Structures are given as structure tokens and as C-alpha cells.
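Q: Sharing a structure, written as C-alpha cells. Questions coming.
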Amino acid sequence: MKFGKILASLCVCFSLISVQNIAQAADSMPNTPQKINQRLSPVMVEFEGIDSIGSRLATRLKELYNSSNLFLLEGRDVPKFRVLISSAPEFETRPQIGSAYSIVWLFSLSDATLRHYLSMEVGVVSGDDVNDLAAKIVEKTDTIAMKYAYLFPDKK
């Protein structure tokens, strides 16, 4: 019986000490959230097409990249991933039904050098599926960015 009480009081003491240490650690940490730049991948979206669904897809992609903590929309001449989107109406007489699209991911060290092919995707998208497809493309871009991160020159 005494052993149980001693054990219970030791457990209470250790839990109070650990709670106090956690509170002290929380107080000592500054409350200034900052953007993490370790995985901030520069990306540029280039669109070529004549249909409104493809145009909406390109615009939605730019919005998602711009609002993401993983990407930086970059127009300057710096090393970056380029996402090339080409689209055309699936049926020319009924362009509102859907669009055929192709997406190619490239790496560009600068505007004056050749671009390196990384991946591609083709498909058909309807106006209702633009947001879902854009999210899927952003996810694939993140996967590509992690896989080919070594292509970027080291910053010193």
C-alpha cells in the first residue's frame, strides 16, 4: 500500500516538473511565425491555348502556386521550374463541354540556357473539374520539386 502511494506521488511530481518545463519552453520561444524558405520552389506558369477552360486552369494554377508556402511565382531570370500548359477545345463546335490539355514540367537554369524536361501529362478536363485538376497539378509539381531539388545551384 505504501509503495503504491509513493509511486503515485512520484508520478505526480514528474508530471508537474514536465508540465513546468513545457511551459517554460513555450514562454522562451518567440511568437513570430515566419515563412519557411527551405522548400520554396520558384515556378513559372506559361499558357498557350484558345479556350476558356484552359485559360481558367492556367489562372487557377497561378493562384494556387501564389498562395502556397511551397512555391514562389517567379518571372525573373533565375533558376526555376516551368509549367507549360497547352489546351484546345475538345469539340470545336461546343467549347464549353471540355478541353484537351497537355502539361510539361521543365527546369530552366536561366532564360539563355536550354530547358531540361522533367515530366508531362495529357488529359481532358471539363469546366467543373478545373479546381480539382489544378490541385492535382500543384501536388505533382511539389513531387517534381522534391525529386529534382538538386538541380538548383547551392546558395552560399
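Just so you know, all these numbers are worked out from the coordinates, no wet-lab data involved. Keep in mind that what you see is a predicted model, and the values were worked out from it rather than measured. Methodologically, a virtual Cβ is constructed for each residue, glycine included, from the backbone with ideal geometry; neighbour enumeration extends over all protein chains shown.
Q: What spacing in nm lies between the two simple spin-label points modelled at E121 and F152, each 7 Å away from Cα in the Cβ direction?
A: 2.1 nm
Q: Let me ask you something else. Per residue of the range 135-148, what does 6.51 cos²θ - 1.76 cosθ + 1.60 with θ = phi - 60° give for ³J(HN,Hα)? Whole Hz please, x for Gly and Pro, Karplus curve as stated.
A: Computed from phi, the couplings for the range 135-148 are 5, 5, 5, 4, 4, 5, 4, 5, 4, 5, 4, 5, 5, 10 Hz.
Q: Using the basic label-point model (7 angstrom from Cα toward the beta carbon), what is the Q96 to S67 distance in nanometres?
A: 2.6 nm
Q: Starting at the first residue of the range 68-76, write each ³J(HN,Hα) from the Karplus equation 6.51 cos²θ - 1.76 cosθ + 1.60 with θ = phi - 60°, in whole Hz, x for Gly and Pro.
A: Whole-Hz 3J(HN,Hα) from phi for the range 68-76: 7, 7, 9, 10, 10, 5, 10, x, 6.
Q: Order the peptides 108-121, 127-140, 75-88 from the highest to the lowest mean number of other Cβ atoms within 10 Å of their residues.
A: Values: 108-121: 12.7, 127-140: 15.6, 75-88: 17.3.
Packing order, densest peptide first, comes out as 75-88, 127-140, 108-121.
Q: Can you give me the long-range amide H partners of L73? Hydrogens built in the peptide plane at 1.01 Å from N, cutoff under 5 Å, separation of 5 or more residues or another chain.
A: V43
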